[in-house]
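Chemist: Take a look at this one; I'll ask things after.
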Amino acid sequence: MKVEGVIFRKGEVPKTLFKIISGTIRETRHDTYHDLTKGDYVALVEYLLQIPLEDDVIALEESEIVETNLENEYERIIRSIIALRKIIYETSIDLENLVLDDFNFETENMDEYLNQIEALLTLSGGELPEDKDEAVELIESLEDDKLLTKVNLVKKFVERFPEEQIGGKLLIETAAKVYIVLNDRYVAKALLKKVLLYYSHLLDYSYEAIKTLESIYREEGNIIYRRYAKMARVLEVMLRGNS
């Protein structure tokens, strides 16, 4: 449908999710505006969390929007949520579980984030089979369009079967997929750090996880990459000694 002017008013809780087909729509939070264009979703954060808008959402020109739903555009919406992190931080919006800060071993931020997204998108990977081999088969059968489901099942696998070495392999492979397909460095780093938490005794897996963490932090321009670079050099020596 064609719209111009106010789409949602300040204080309103969006009941419908709209996708922009054409035009420019402006959202304002904490006196900072953000312009949405073709392919973006209108008031996505407020719609997902069912919270009131801080200001009017306005079509700056004649725009076309269509009603859509979470299930049909799962991957695009996940990408939008990831992209919104920068906007969220810049506008100081407290979204609690939806915001995934850098992972620490002592917290469960990643678990809360993934559970929240799974619920929002009404996805279900089912229960992880009790049999280890069946669990591995299920995880490896999931395609990229079920990537967050795969992350959740891998997380459950390493918690249920902490002694199974294949868990380290699953964490590393899934982290790579998350980073490449979703471009989500937060979850990728979280999975790689779980390798160090559960499989630090496996030097080859630890080395691969540390080198990947070094690469991600270096790409971010975060000086912490130097710490991982030093750890990697130590592991290189240890691995050469074991060969």
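The values are calculated or read from the model by the stated rules, or taken from the named source; none is laboratory data. This structure is a prediction, so every number in the text was calculated from the model and none was measured. No Cβ is skipped: glycine too gets one built from the backbone with ideal geometry, and neighbour counts run over all protein chains shown. When the accessible area is computed, the model is the full protein with side chains, heavy atoms only, and any ligands, DNA or RNA have been set aside. Shrake-Rupley method; radii C 1.70, N 1.55, O 1.52, S 1.80 Å.
Chemist: Where the eigenvalues come from the Cα gyration tensor of region 125-220, what are the semi-axes √(5λ) of the equivalent ellipsoid, largest first, in whole Å?
Modeler: 21, 17, 9
Chemist: Follow-up. Not counting ligands, DNA or RNA, and with a 1.4 Å probe, what is Asp31's accessible surface area in Å² rounded to the nearest 10?
Modeler: Result for Asp31: roughly 150 Å² accessible.
Chemist: Separate question: Pull out a ≥ b ≥ c, the square roots of the eigenvalues of the alpha-carbon gyration tensor of region 24-73, then state rounded if a/c is under 1.5, prolate if not and a/b is larger than b/c, and oblate in the remaining case.
Modeler: Oblate is the answer for region 24-73, as a/c is 1.5 or above yet b/c matches or exceeds a/b.
Chemist: Which order do Arg160, Arg240, Arg26 take when ranked by solvent-accessible area (1.4 Å probe, heavy atoms of all protein chains), largest first?
Modeler: Arg240, Arg160, Arg26
Chemist: Of all the accessible heavy-atom surface of region 172-243, with the other protein chains kept in place and a 1.4 Å probe, what percent is carbon and sulfur?
Modeler: 53
Chemist: Select from region 157-241 those GluC sites (Glu not before Pro) which occupy a DSSP coil region and have at most 12 other Cβ atoms within 10 Å, ordered by residue number.
Modeler: Glu163
Chemist: Sticking with this one: Which of the residue pairs Lys177/Lys230; Lys19/Lys194; Lys15/Lys194; Lys10/Lys194; Lys132/Lys211; Lys146/Lys194 have a Cα-Cα distance greater than 30 Å in the structure shown? Walk me through the intermediate numbers first.
Modeler: Working: Lys177/Lys230 25 Å; Lys19/Lys194 36 Å; Lys15/Lys194 38 Å; Lys10/Lys194 42 Å; Lys132/Lys211 28 Å; Lys146/Lys194 21 Å.
Pairs exceeding 30 Å: Lys19/Lys194; Lys15/Lys194; Lys10/Lys194.
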